[in-house]
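J.: Below is one structure. I have some questions about it.
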Amino acid sequence: MSLVQPLPEGPLDIVGDIHGEFDALVSLLGHLGYDRDGNHPAGRRVVFLGDFVDRGPDSIAVLELARRWIGAGRALAVLGNHEVNLLREDAKDGSGWFFDERLDRDLRKYTFARRPQPHERTWIIEFLSGLPVALERDDLRVVHAVWNDTLVDRARTVPACHVRAQYDAWEEIALREATAGDLRRRLDEESGLWTHDLEDPQRQPPFLPALAELEYSKQMTNPLKVMTSGAEAIIDPGVAQPFYSGGKWRFVRRLGWWDEYADDVPVIVGHYWRTVRRRTVPPEGSFNQDLFSELSPNEWHGLRGNVFCVDFSVGAKWKERSDGVTTGTNARLAALRWPERTLMFDDGHAQATEGFLVACEPRG
Ligand SMILES: [Mn+2]
């Protein structure tokens, strides 16, 4: 087995990024018709798109359920960038439920119901280490962020359970390549320009070209990083300022790789923070820029209209909770049902998708 594994035949319910929102998960799975052990009267199976953890109240409960269902053969999953961060001991925004060094800082924003005991840490690492990064069958492909044949073929060469070792190895190559020229010197020069914390939302840094270049080349050289966290481009400092997203100031923006995806096989992804309401005004300069602003929330996207993002931003529920938002939530958990191509939301709302295999108009 490798990091790219077969997706079993039969009807599937593909669940988007959960981010520790256990109650939303239980509610969604109930509306989909599963019992608490993952059995479904119609023999359906769940596929988790990754990003089980961080920011929300109970990442451990989400992992417990996923592990139990996967162990029983009722579910499958791919790794998201948040699980990769956990495996690599890369403590980032929202991971304080797991990492002691992140806890105080995270508690200014998030509320964690519980933190893992030592034995729980052991099974969490073991469980996540065994997950693939992509799943495929003749009529469907599943990955957290990016499907690209060249990258997937490289991931195919990596044995299952070697995700951390290979990610680290490719990361080292990326860093070495990035700093082979004069980038190291430019980074050193630049480091004097901005000595503040890049996670402080109150202090907007200037555009830092060397840091932007480092972020960009590290992002784009490692196949496992691209597949789990997306393709990016450096922002044009003449047009956009560095912007704050996902807990830090950024100099790169996300690209909609699906606009160049020409294959026949549909791809289902999470990761991209879609919302159930069409944004009337695209979020100015945000990390996602306007990846979905031309689309309705239930629309297929990409060159051929055969890519669908099922992340409906339940990862932002902590914010709505702390802002006291009780109605009109924009933070939902959803599943895409296959082959029906319908959506089910955690509140029980079901909806057809649109635009499958209808090429999108070129964006203006
Ligand atoms: Mn993600």
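Values in this text are rule-based calculations from the coordinates and carry no lab data. Worth saying up front: this structure is predicted, and the values here are computed from it rather than measured. Because the Cβ atoms are built from the backbone with ideal geometry, glycine has one as well, and the counts that use them run over all protein chains shown.
J.: Test of understanding: ordering M344, M1, M227 by Cβ neighbours within 10 Å, fewest first, what list do you get?
T.: Values: M344 22, M1 10, M227 28.
If I rank by nearby Cβ atoms, fewest first, I get M1, M344, M227.
J.: Taking loop as defined by DSSP and a crowding limit of 14 other beta carbons within 10 Å, which trypsin sites (Lys or Arg not before Pro) in the range 103-161 fit? Don't jump to the answer; show the numbers that get you there.
T.: Working: sites: R105, R108, K109, R114, R121, R137, R141, R154, R156; in loops: R108, K109, R114.
Taking the range 103-161 and a limit of 14 other Cβ atoms within 10 Å, the loop trypsin sites (Lys or Arg not before Pro) found are R108, K109, R114.
J.: Can you tell me the dipole magnitude for the chain around its Cα centre, using point charges on the Cβ only (Lys, Arg +1; Asp, Glu -1), in Debye to the nearest 20?
T.: Values: 44 positive and 57 negative charges, 107 e Å.
Computed about the Cα centre, the dipole is about 520 debye.
J.: Do any GluC sites (Glu not before Pro) in the range 1-96 lie in a loop, going by DSSP, with at most 11 other beta-carbon atoms within 10 Å of their beta carbon, and if so which? Each step should come with its number before you reach the end.
T.: Numbers: sites: E9, E21, E64, E83, E89; in loops: E9, E21, E89.
Filter output for the range 1-96: E9.
J.: With +1 assigned to the C-beta of every Lys and Arg and -1 to the C-beta of every Asp and Glu, and no other charges, what is the dipole magnitude of the range 173-311 about the Cα centre in debye, to the nearest 20? Numbers along the way, then the final one.
T.: On the way: 16 positive and 21 negative charges, 55 e Å.
Using only the charged Cβ atoms, the result is roughly 260 debye.
J.: Can I ask one more? Can you spot the lysines whose alpha carbon is less than 22 Å from K317's alpha carbon? Ignore those fewer than 8 places along the same chain.
T.: Within reach: K92, K109, K248.
J.: In whole Å, what three semi-axes, largest first, describe the equivalent ellipsoid of the range 49-123 built from its Cα gyration tensor (square root of 5 times each eigenvalue)?
T.: Values: eigenvalues 94, 32, 25 Å².
Computed over the range 49-123, the values are 22, 13, 11 Å.
J.: Which of D168, D106 has the fewest other C-beta atoms within 10 Å, and how do the rest follow up to the most?
T.: Numbers: D168 14, D106 21.
Fewest-to-most Cβ neighbours within 10 Å comes out as D168, D106.
J.: Springs between alpha-carbon atoms under 10 Å, Gaussian network over the chain: tell me which of A24, A231, A352 tops the mean-square fluctuations.
T.: Its mean-square fluctuation being the largest, the pick is A352.
J.: If neighbour count is taken as other Cβ atoms inside 10 Å, put H119, H144, H196, H271 in order from fewest to most.
T.: On the way: H119 8, H144 29, H196 11, H271 26.
Arranged by neighbour count, lowest to highest, H119, H144, H196, H271 become H119, H196, H271, H144.
J.: Would you look at the GNM of the chain, springs on alpha carbons closer than 10 Å, and say which of T157, T342, T327 moves the most?
T.: T327
J.: Hey, if you put +1 on the Cβ of every Lys and Arg and -1 on every Asp and Glu Cβ in the chain, which of L135, V47, L183 ends up farthest toward the positive end of that dipole?
T.: Toward the positive end, the furthest listed residue is V47.
J.: Can you tell me the Rg and Dmax of the chain, counting just the alpha carbons, in angstroms?
T.: Computed over the Cα atoms of the chain, radius of gyration and Dmax are 19.8, 63 Å.
J.: What size of dipole, in debye to the nearest 20, comes out for the range 199-266 about its Cα centre when the only charges are +1 on Lys and Arg C-beta atoms and -1 on Asp and Glu C-beta atoms?
T.: Values: 7 positive and 10 negative charges, 74 e Å.
The dipole magnitude comes to about 360 debye.
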